[in-house]
Amino acid sequence: MLAVSVDDTAQTALELIRSSNLAGNIFYCYVTDKEGKLAGVVPLRKLITAHKETKISDIMLRNPIRLTADSSADTALEFFLFYKFIAFPVVDEHGKLVGIARANDFIEDTMAIEEKTEHERDDLLKMIGIQLEEFRKPTTLKSTLLRFPYLLFNISSGLICALITRLFDRTIDEFIFVAFFITIILGLAESIGTQAVAVTLSQIEKTIKLKRLVLYEVLVGAKIGLLCGGVLYAVSFFWIGNQSFSITLSLTILLTLITASFLGCSLPILFKKIGINSAHASCPLVLAIADIVSLTSYFSLGTYMIK
């Protein structure tokens with residue numbers, strides 16, 4: 001920034017400008033008092049045309065519009081849009097001049113933030129099975145054709161789960177209460193898998209410690225599994241009265257949530273390692289695998305434990 005003292009002359013100010021090493025264009029010359037507080041601003045045109053012995057205090061504009069050091073980005077943007085200035089002085093809590101906010105730099109930062117936000121939005125849409133092409137001249141047929149391939153994961157996993165259920169039909173016939181908790185197990189697996197995918201996609205570009213990220217999510221899944229398993233152990237034992245089944249249910253939930261957390265975290269990382277957009281390791285893929293693993297574990301463990 002360029003600042004002169006309120007007691008300087010126009011000649012002194014011009015010599016300061018000539019000897020300064022400031023890069024870029026200089027549009028405003030700010031004026032400070034003896035304590036360094038912002039006192040005014042002198043447009044360069046007015047400074048150049050003034051007599052060389054003219055005091056800065058005589059030609060400066062007093063009480064200029066200013067930003068404070070703790071102003072938010074939104075506040076600064078409103079200032080640029082409303083006042084149409086190309087720069088604003090920035091003062092601290094005591095009114096001392098500490099810097100300037102330039103429109104060019106601010107606009108570049110704003111565009112970078114908007115680009116990052118748009119990228120994160122695109123990843124979120126891909127994660128839930130929606131492609132960007134759908135928003136370019138959208139039609140119901142186009143949306144249908146773009147979304148349907150993602151739903152094939154659900155169809156495929158549903159058919160496999162139906163086959164798994166068919167393989168354990170004797171267990172279900174003999175112990176019908178086993179079927180009561182299938183939706184809870186699959187629902188928990190899908191919820192924790194979705195959360196793990198979302199957390200991983202938000203952190204994957206910010207950290208190089210990917211193994212630690214996987215371990216963290218697995219530990220979170222294990223602790224949530226212990227809590228959910230404990231709750232359902234109490235509920236199932238009070239309802240069914242079969243301790244072996246209650247243990248089976250709680251162990252299945254623990255294994256399911258650990259597996260779903262691992263898949264939700266490791267698949268996006270794997271995709272990144274092999275050069276595929278991490279967002280394509282979407283929830284439909286993670287949930288399809290988690291459903292199959294969960295149901296297989298549930299029926300296998302249940303058949304062994306109950307019998």
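Which order do the peptides 244-253, 3-12, 55-64 take when ranked by the mean count of other beta-carbon atoms within 10 Å per residue, highest first?
Descending mean neighbour count gives 244-253, 3-12, 55-64.
Using each residue's phi in segment 62-76, evaluate 6.51 cos²θ - 1.76 cosθ + 1.60 at θ = phi - 60° and report the 3J(HN,Hα) Karplus result to the nearest Hz, with x for Gly and Pro.
Whole-Hz 3J(HN,Hα) from phi for segment 62-76: 7, 6, x, 5, 9, 10, 9, 4, 9, 5, 7, 4, 5, 5, 4.
Using the Karplus equation 6.51 cos²θ - 1.76 cosθ + 1.60 (θ = phi - 60°), what ³J(HN,Hα) coupling, rounded to whole Hz, does each residue of segment 166-178 give in order, writing x for Gly and Pro?
Whole-Hz 3J(HN,Hα) from phi for segment 166-178: 5, 5, 10, 5, 5, 4, 5, 4, 7, 10, 4, 5, 4.
Using amide H atoms built in the peptide plane, which far-off residues or other-chain residues are under 5 Å from Ile100 H to H?
The list, which skips near neighbours in sequence, is Val90.
Collect residues whose amide H, placed 1.01 Å from N in the peptide plane, falls under 5 Å from the amide H of Ala39; neighbours closer than 5 in sequence don't count.
Those lying under 5 Å, H to H, from Ala39 are Val31, Thr32, Asp33.
Do the alpha carbons of any pairs in Lys211/Lys273; Lys34/Lys96; Lys34/Lys55; Lys211/Lys272; Lys209/Lys272; Lys52/Lys96 sit beyond 21 Å of each other, and which pairs?
The answer is Lys52/Lys96.
Across segment 225-230, in residue order, what do the Karplus-derived ³J(HN,Hα) couplings come to in whole Hz, using 6.51 cos²θ - 1.76 cosθ + 1.60 with θ = phi - 60° and x for Gly and Pro?
Working through the residues one at a time gives x, 5, 5, 5, x, x Hz.
Taking all pairs of different Cα atoms in segment 201-272, averaging 1/r and flipping that mean, what Kirkwood radius in angstroms comes out?
13.3 Å
So who's got an amide H within less than 5 Å of the one on Ala50, skipping anything under 5 residues away but keeping other chains? H placed 1.01 Å off N, in plane.
none
All of the numbers you see were taken from the coordinates with simple rules; none came from a lab. Because the structure is a prediction, the values reported are computed rather than measured. Cβ sites come from the backbone with ideal geometry, for glycine too, and all protein chains shown count toward neighbours.
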